[in-house]
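Inspection log for the structure reproduced underneath, given as structure tokens.
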């Protein structure tokens, strides 16, 4: 395991932020344990209205390599691209992307860079272990790290290293990043999966290092979780349409669950037996809640069922909304392309 960066000038660390006053200081301090003190760390902020900027500025006296950059486009995708365009030098070979909601293990930066060098992968991704401090955050964390919450995604509580299609972004070879044009800045969500898909099409490989694990603090309320997963589903729909992809079975489970509940309730007067669908789903969630409450010896476990229902319903609704919204746009573009081709 690398314990320090052999050449800090080769590494650019980027932290996209937007109103992260509750987490940004702990995130930065975790990165600055040993190996982050000598490389450039850029907090690219989407015009936060809280104390995020003030907190970062207060840390600059202690950590002179810490930089603050405004991101007028406000999106994470634009933040990474802007930081790379502004602060990458001729010496920069690697980009390390960090999430303000996360705490990082000792020597995280050097370990990611070492794995990029060892595997010669275009991108290195890591495992996220969800943790929480409030009752709902803990339940949310327990739920999302199960197959019911993440669909069995390798970067959610996974234990096996290897090449994957997608994972939680950690490190990039800057040549590959530039070759495929960085992130698509029109994406508000799912920009990481969209990037990985384009990377794969270009021949780049993504390596998941299951030994490098980060702690992630999930959303702390049902409303915040609902917004997050609605946007996740919407973003996945856009990626699917942009690249004419076939959705994976695990991605369709939330959509089927949503449609099953809707039709089961709507058609209840006509076909009473369809009530079995929402009732079965409710029973499953109830069993999960009880199981977690018993296994964790905590009443917080009873929140896992509502958290899972929120994830499933919101993601499914977001995906369907995204298909309608972006599908209409793509259809219009196809019509215009056809008309222009015929005119020529």
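Numbers for the structure displayed
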read-out: Restricting the range 92-136 to residues that are over 16 Å from the mean Cα position of the chain (by Cα) and over 19 Å from residue 10 (Cβ atoms), the residue that is surrounded by the most Cβ atoms within 10 Å (Cβ to Cβ); value: 136
read-out: Test for residue 164: is it touching a strand residue (DSSP E or B) at 6+ places or on another chain (Cβ under 7 Å), over 28 Å from residue 256 (Cβ atoms) and surrounded by fewer than 21 Cβ atoms within 10 Å (Cβ to Cβ); value: no
read-out: Residue 222 vs. criteria within 20 Å of residue 122 (Cβ to Cβ) and either surrounded by fewer than 18 Cβ atoms within 10 Å (Cβ to Cβ) or in contact with a strand residue (DSSP E or B) (Cβ under 9 Å, 6 or more places away or on another chain) (or both); value: no
read-out: Residue within the range 48-57 that is closer than 24 Å to residue 134 by Cβ, outside any helix (DSSP H, G or I) and over 23 Å from the mean Cα position of the chain (by Cα) present; value: yes
read-out: Residue within the range 94-103 that is touching a helix residue (DSSP H, G or I) at 6+ places or on another chain (Cβ under 6 Å), in a helix (DSSP H, G or I), under 19 Å from residue 179 (Cβ atoms) and touching a residue at least 60 places away in the same chain (Cβ under 8 Å) present; value: no
read-out: Selected residue [over 23 Å from residue 156 (Cα atoms) and out of contact with any strand residue (DSSP E or B) (no Cβ under 6 Å at 6 or more places or on another chain)] from 277, 249; value: 277
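For every residue, the table says whether it meets (1) at pLDDT below 95; (2) surrounded by fewer than 22 Cβ atoms within 10 Å (Cβ to Cβ).
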{"position": "287", "(1), (2)": "no, yes"}
{"position": "295", "(1), (2)": "no, yes"}
{"position": "299", "(1), (2)": "no, yes"}
{"position": "307", "(1), (2)": "no, no"}
{"position": "311", "(1), (2)": "no, no"}
{"position": "316", "(1), (2)": "no, no"}
{"position": "320", "(1), (2)": "no, yes"}
{"position": "330", "(1), (2)": "yes, yes"}
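The values are calculated or read from the model by the stated rules, or taken from the named source; none is laboratory data. The shown structure was predicted, so the numbers you read here are calculated from the model rather than taken from an experiment. Using ideal geometry, Cβ is built from the backbone for each residue, glycine included, and neighbour counts are taken over all protein chains shown.
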